[in-house]
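A short write-up of the structure that comes next.
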Amino acid sequence: MTSPTAARRKLAAPTVAMLPRIGDSLSFLYLDIVRIHQDDTGVCAQITTEHRGTELVYLPTAALSCVLLGPGTSITARALTTLARHGTTVVVTGSGGVRTYAGITPDSLSTRWLERQVRAWADDTERLAVATRMYEQRFGHGTAPPGTSLAQLRGMEGQRVKAMYRLLAQQHRIGRFKRAYDPDAWDTQDPVNLALSSANTCLYGIVHAALLALGCSPALGFVHNGNQQAFVYDIADLYKAELTIPLAFSLHNSPHPEAEARRRFRDELRLFKLMPRIVADVQRLLDPSTDIEEPDPEEQLVDLWDPVSGVLPGGVNYAGNAE
């Protein structure tokens, strides 16, 4: 006879059919100074305070795309296993989610989009075409004339972002603004830079989670290069002018710009429906001719590669074909 504890564990374990599509997931959850563990029914955060004692808060793991673990956080192996099974990316960050130190990623169900990413990345002509599509998505179709080089795209992008900084600084009457990111002098930076760095880090976590759920490599960027987060930075740049930059300037008088940036950014994400946008945008950038869709996970099986026949179905014993 199955014990009640074993039955609860079996009931809590997700199946492929139960997992939500990445486009349907919630945004992210930032935690610090907590202990995260797995009990018989789910993953919970154990929070201890002087006035309220110890409290347990259960995490909606199946619906979270990314969990950011700040300083003072401990997590058990069982809890990490559950998060991985639900397809939740776990990112270890600095205070307030400002710097990313490490990431624990779930298994991808398919290499479909990874293969398309690698083909585009490895071909210089197609790599430039993807970078051009990124630029035109940000600044409008036709803003990159034919024959524009990658260096020219970077220069044009830099000019437009600086112009946006000047415009927002004028609107908020804060004088001249210069973007600065210096982890060694973090406390000396102005509220706008603090808020922008904090919100951008949360955005990176969400983009990272979406790329991993699609099976893409965060390291193979088309504009950025030489970093394990290169493609994350590429995709995140598509949304900064809409999401994080205006938010940061609106907090120029905030006494706690980092924390407020995280809270307001999280609250606004549902209005922007960011996760399904990331999924569709990545697919469109890598292959504009494809139908934008997420395959049924139950239909995604492991195939075999053959140099003559191409893709062969997995789960078949080919011993009879051996000579």
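If you filter the range 31-41 down to residues that are touching a Ser or Thr at 6+ places or on another chain (Cβ under 8 Å) and modelled with pLDDT under 90, you find that the one that is farthest from residue 258 (Cα to Cα) is 40. The listed residues are 153, 128, and the only one of them that is modelled with pLDDT of 95 or more, assigned to a helix (DSSP H, G or I) and not aromatic (Phe, Trp, Tyr) turns out to be 128. Inspection of the range 204-215 finds a residue satisfying the criterion of being surrounded by fewer than 20 Cβ atoms within 10 Å (Cβ to Cβ), within 21 Å of residue 86 (Cβ to Cβ) and touching a Leu at 6+ places or on another chain (Cβ under 6 Å). More than 16 Å from residue 112 (Cα to Cα), outside any loop (DSSP other than H, G, I, E, B) and modelled with pLDDT of 90 or more - does that describe any residue in the range 296-313? No - not one qualifying residue is present in the range 296-313.
Would you confirm whether any residue within the range 243-252 is of a type in the set (S, T, N, Q), within 30 Å of residue 175 (Cβ to Cβ) and modelled with pLDDT of 70 or more?
From the range 243-252, those of a type in the set (S, T, N, Q) are 244, 250; that's our starting set.
Okay, now just the ones that are also within 30 Å of residue 175 (Cβ to Cβ), so 244, 250.
So of that shortlist, the ones also modelled with pLDDT of 70 or more come out as 244, 250.
Yes.
The values are calculated or read from the model by the stated rules, or taken from the named source; none is laboratory data. For clarity, every value in this text was computed on a predicted model and none was experimentally measured. Every residue, glycine among them, receives a Cβ derived from its backbone with ideal geometry; neighbour counts consider all protein chains shown.
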